[in-house]
Amino acid sequence: MKCQKIEKWIPRLAGNELPAKKAARVKAHFEKCAGCRKEAAEFEAALKAARALARADEPLDWSEAEWRHLLRNVTAAKIEKKKAWAGWPLKPALAGALLLLLIAAGTFLLLKKAPVQPDIQAALKTPAVSAAKPAPQPGKQEVQSMTIVSKETGLKIIWFFNKNFVWEDYGK
Amino acid sequence: MNEREKDLVKRVLNGDLAAFEPLITPYRRPLLGLAYRITRNAEDAKEVAQETFLRTFKYLKNFDVEKNFKSWIYQILVHAARNFEIKKTKQENLAMSEPLKEMAAAPGDRPEDRQEGGEFRTRLMDCLDVLTPREKEVFLLRDIEELSIQESAKILKCSAISVRVHLSAARKKIRTRIKNRYPELLEGAL
């Protein structure tokens with residue numbers, strides 16, 4: 001194992017936070033590497049020294065009169081009632097569910113409002129009735145139409161064909 | 001949370017204000033000490049600790065008695081200290097002219113930064129000076145107060161990974177500081 005990797009783990013080893021498996025690998029490396037061993041010893045010593053300084057430090061304290069005064073001030077305050085939402089564990093879940101619901105409702109409304117694109121196959125099957133043309137006899141289909149709609153621009157082109165499937169200009 | 005603390009919390013919530021003192025007395029010195037190490041000033045530390053006890057009392061109804069009271073009160077202190085620092089910085093920025101701001105940038109030069117207490121405190125505070133605010137919080141909670149990584153993460157409202165990352169950075173800086181300025185502290189241990 002490389003020293004570079006070990007060096008990353010040394011601060012955690014000093015605080016006994018390294019998982020047992022990693023700690024064993026680090027200690028195995030120490031047997032071969034005096035530099036890393038020394039560094040680890042320094043980290044442990046520094047940590048012990050900092051803790052010793054904190055313990056040796058004479059603790060700050062209030063005078064008895066100050067402490068009494070503080071207690072009087074503190075207990076004179078009003079205990080506040082718990083807010084309805086405070087600490088509710090389902091708060092994030094509910095927010096997520098509401099968001100999903102809003103997205104679903106929005107998508108549904110958008111789809112509902114969007115213009116229905118005529119289907120070419122359906123248009124071919126559906127006979128188009130033209131006012132310019134005499135009413136077809138029952139059972140005989142005189143005119144066929146084909147509608148093509150651009151999805152991008154919405155441009156609609158309708159072609160009409162006679163019974164022989166020859167294009168005729170019914171617009172004129 | 002131990003049974004005694006649970007009982008005291010219930011008594012306070014039922015209107016027995018005298019029960020608040022035995023509830024917070026065990027935390028009187030540890031909280032003041034931690035506040036001092038964060039703020040670097042005795043008067044500021046007292047203000048932060050007082051604010052902590054005030055919030056503890058005011059929001060005791062929000063406390064879940066099944067959870068750890070120590071973690072909760074430490075969490076309040078850390079947030080009170082952060083708010084205090086923000087407020088103080090704003091006030092200082094408003095009150096100071098530019099040349100004074102430059103002078104204030106050098107830590108240890110301000111009169112309020114002159115640490116009270118003995119040599120041990122001075123050395124500890126000198127070591128803590130090299131840390132960023134988050135590194136300092138993590139180092140104090142985990143390495144000085146000896147709370148677990150999980151407890152520290154909960155108090156600081158961050159992930160355990162974040163605590164580990166800041167802790168490693170803090171330990172590196174502390175080790176370098178002690179090695180450079182107080183090598184005699186390492187000699188005995190090496």
Check: What helices does chain B have that are whole DSSP H segments, at least 18 Å long along their own axis by Cα, and with mean Kyte-Doolittle hydropathy of -0.5 or more?
Finding: B:69-95
Next item on the list: Order by neighbour count: A:Met146, B:Met125, fewest other Cβ atoms within 10 Å first, most last.
Entry: A:Met146, B:Met125
Check: For B:Leu147, which sequence-distant residues (separation of 5 or more, or a different chain) have an amide H within less than 5 Å of its own amide H, given hydrogens modelled in the peptide plane?
Finding: B:Arg142
Check: Which FRET efficiency, nearest 0.05, do A:Leu110 and B:Asp7 yield, Cβ-Cβ r, R0 56 Å?
Finding: 0.45
Margin query: Give me the one-decimal nm value for the distance between modelled label points at B:Glu21 and A:Ala28, 7 Å along each residue's Cα-to-Cβ direction.
Written below: 6.1 nm
Note to self: How charged is the neighbourhood of B:Glu137? Take every other residue with its Cβ under 15 Å from the Cβ of B:Glu137, and add Lys/Arg as +1 and Asp/Glu as -1.
What the structure shows: +4
Check: Counting partner chain Cβ atoms within 10 Å of every residue's Cβ in A:62-72, what's the average?
Finding: 3
Checklist line | Residue order, fewest to most surrounding Cβ atoms within 10 angstrom, among B:Asp126, A:Asp57 | finding: B:Asp126, A:Asp57
Next item on the list: Quick one: which residues, 5+ away or cross-chain, put their amide H under 5 Å from the amide H of A:Ser145? H built at 1.01 Å from N.
Entry: A:Ala128, A:Phe161
Note to self: Net charge around A:Lys2, counting only other residues with Cβ within less than 13 Å of its Cβ (Lys, Arg = +1; Asp, Glu = -1)?
What the structure shows: +3
Notebook entry, point to check: Tell me, what is the FRET efficiency for B:Lys61 and A:Leu101 to the nearest 0.05, using R0 = 25 angstrom and their Cβ-Cβ distance as r?
Noted result: 0.15
Next item on the list: Work out from phi, with θ = phi - 60° and the Karplus expression 6.51 cos²θ - 1.76 cosθ + 1.60, the ³J(HN,Hα) of each residue of segment A:145-156, listed in order in whole Hz, and give x for Gly and Pro.
Entry: 10, 10, 10, 10, 10, 6, 6, 7, 9, x, 5, 10
Check: Anyone know which of B:Ala170, B:Ala80, B:Ala95 comes out most mobile in the 10 Å Cα GNM of chain B?
Finding: B:Ala95
Notebook entry, point to check: Taking every residue in B:163-176, how many Cβ atoms of other protein chains lie within 10 Å of its Cβ, on average?
Noted result: 4
Notebook entry, point to check: What is chain B's relative contact order, in percent, from Cα pairs under 8 angstrom and six or more apart in sequence?
Noted result: 18 percent
Next item on the list: Note down the net charge around B:Asp16, summing +1 for each Lys or Arg and -1 for each Asp or Glu among other residues with Cβ under 15 Å from its Cβ.
Entry: +2
Checklist line | Pair A:Phe160, A:Arg72: separation of 7 Å Cα→Cβ label points (nm) | finding: 10.2 nm
Checklist line | Residues B:Cys127, B:Cys158, sorted so that the one with the fewest Cβ neighbours within 10 Å comes first | finding: B:Cys158, B:Cys127
Next item on the list: Over 21 Å between C-alpha atoms is what I'm after, so list which of A:Lys48/B:Lys173; B:Lys46/B:Lys70; A:Lys48/B:Lys179; A:Lys2/B:Lys136; B:Lys61/B:Lys90 land there.
Entry: A:Lys2/B:Lys136; B:Lys61/B:Lys90
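Laboratory data are not the source of any read-out in this text; all were calculated from the coordinates shown. Just so it is clear, the model here is predicted, and its values are computed rather than measured. All Cβ positions, glycine included, derive from the backbone under ideal geometry; neighbour counts span all protein chains shown.
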